[in-house]
1. State all residues of region 294-310 that are among the hydrophobic types (A, V, I, L, M, F, W, C) and closer than 18 Å to residue 148 by Cα; if no residue qualifies, say none.
2. Based on this model, can you work out whether residue 96 counts as touching a Gly at 6+ places or on another chain (Cβ under 6 Å), of a type in the set (A, V, I, L, M, F, W, C) and touching a residue at least 12 places away in the same chain (Cβ under 8 Å)?
3. With the condition kept exactly as written, say whether any residue in region 342-351 is aliphatic (A, V, I, L, M), modelled with pLDDT of 95 or more and within 23 Å of residue 395 (Cα to Cα).
4. At least 1 residues that are loosely packed, with under 12 Cβ neighbours inside 10 Å, in the same structural domain as residue 190 (by TED's automatic domain parsing) and of a type outside the set (S, T, N, Q) in each: list the helices (runs of 4 or more DSSP H) lying fully within region 318-388 that qualify.
5. Please verify whether residue 213 is at pLDDT below 95, polar (S, T, N, Q) and out of contact with any helix residue (DSSP H, G or I) (no Cβ under 6 Å at 6 or more places or on another chain), treating the condition exactly as stated.
6. Which members of region 229-245 meet the condition of being crowded, with 20+ Cβ neighbours inside 10 Å and either assigned to a loop (DSSP other than H, G, I, E, B) or of a type in the set (D, E, K, R) (or both)?
7. With a cut-off of at least 2 residues that are more than 20 Å from residue 101 (Cβ to Cβ), name the strands (runs of 3 or more DSSP E) lying wholly within region 122-185.
8. With the condition kept exactly as written, say whether any residue in region 251-264 is assigned to a loop (DSSP other than H, G, I, E, B), free of Cβ contacts under 8 Å to residues at least 60 places away in the same chain and not small (Gly, Ala, Ser).
Amino acid sequence: MADIRVGRKIDKGTGYGRPPQHYDDELVHVGPGTPCGEMMRRYWHPIALSEQATTRPRKIKLLGEDLILFRDRKGRPGLLYPRCMHRGTTLFYGKVEDEGIRCCYHGWLFGVDGTCLDQPCEPEHGLHRDVARQPWYPVEERYGLVFAYLGPAEKKPILPRYDILEELEPNQDIMARQMGAQTGDGTMPTAPYSWVHLNDNVIDPYHVYVLHSTFSNVQFSHQFIVKPHQVDFFQSEVGICYSAVRDMGDGRLLDRVSSFIMPCIMSVPDTRGDLQHRRSSRIGWIVPMDDEAFTTFTAGTITKGEKQLFSPLDFNGKTWAQMTEAEHQDTPGDYEAQAGQGTISLHSEEHLAQSDRGIVMMRRLLKEQMKLVAAGGDPINVAYDLSKATIKVPSGNFFRKKEAAE
């Protein structure tokens, strides 16, 4: 019988038979005991705006841990493990008093440092309450944000300062906002996918030229329509930076320097309107809630009297939340590109190229710091001396004459 396959054209490269794919669990997992989770626990992370820490308990999720944030009636913020150490009900339904938060079930009162101050149903309000301690974490406030430290007590560093938020002009203030997913209008405080998606995005200058400028419409500055003709990625004292140089066609070169700051912080210079020669004015924190969700906080300088840190993005006259699904398809932005990678991206499927050098450097740095922490060392940007706790941010939009650069 003749072989009917003789002479047939065989399709090659189809999806059939692909091996199972996987993600990079070292990068993705942030829970207790994981390499990345332990490294992350050596840093302070913002968990709320200061104005969100009130006498009404607030649920917080950070690095895979469920917690309760509150502010006692003396104004002190506290961050506690939610399950009451007595019988396990949640302190989310607790009542905040002058000295702390009282459990709704049997009235045990805990201070902001977890100290048990009262056990009203016990003899003498608790004969052994001095040895009872609700699990808690240190918190501090700065830049209009509440920061938490979830690491070992003996390794607690100074809460960092950032020079661009410390060296203010007389007419400047600092404003903080929770931005959440990268929708441009703050309507999604929790991004329903891995923190790694946005972390990679920070050190990727080329998506600004494609996604935000030439694919559908100009979402940021019109100057980003010009493709960078020279991009350099380099390691700084605080993390990884890129320098993306554009020839503006008017005798000027725009050198845009953006920074990834260990462990999950960004300082992206101005993106809106007609860009000016100046340093970055904002710090953004990517805050992993767990392996599959994160939020972001931003603090930046504003002129006194300004009402917002930056205006919502304009997608053909609409904000992101007002757009239909079809309009999101026609005009995708950061959220669509990042959420489109899935809840956790399959890193084994990636084909990283020359334009991804910054991402490779950033991931390598993260893993180096994980190993350093596992060996008992201190990761970069951790300081125990206030004089060494200020981080110098190199980001900015810098113009120079083309002739001077040649």
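The values are calculated or read from the model by the stated rules, or taken from the named source; none is laboratory data. Note that the coordinates shown come from a computational prediction; the quantities given were computed from them, not determined experimentally. Here the Cβ is made from the backbone with ideal geometry for all residues, glycine too, and neighbour counts use every protein chain on show.
1. Correct list: 294, 297, 299.
2. No; evaluated as a whole, the condition is false for this residue.
3. No - not one qualifying residue is present in region 342-351.
4. Hits in region 318-388: 325-330, 357-374.
5. Values: at pLDDT below 95: yes; polar (S, T, N, Q): yes; out of contact with any helix residue (DSSP H, G or I) (no Cβ under 6 Å at 6 or more places or on another chain): no.
No, not satisfied.
6. 238
7. Details: elements: 139-142, 145-149, 172-178.
Output list reads 172-178.
8. Initially, region 251-264 is screened for residues assigned to a loop (DSSP other than H, G, I, E, B), giving 251, 262-264.
So of that shortlist, the ones also free of Cβ contacts under 8 Å to residues at least 60 places away in the same chain come out as none.
The answer is no, given that none of the residues of region 251-264 is assigned to a loop (DSSP other than H, G, I, E, B), free of Cβ contacts under 8 Å to residues at least 60 places away in the same chain and not small (Gly, Ala, Ser).
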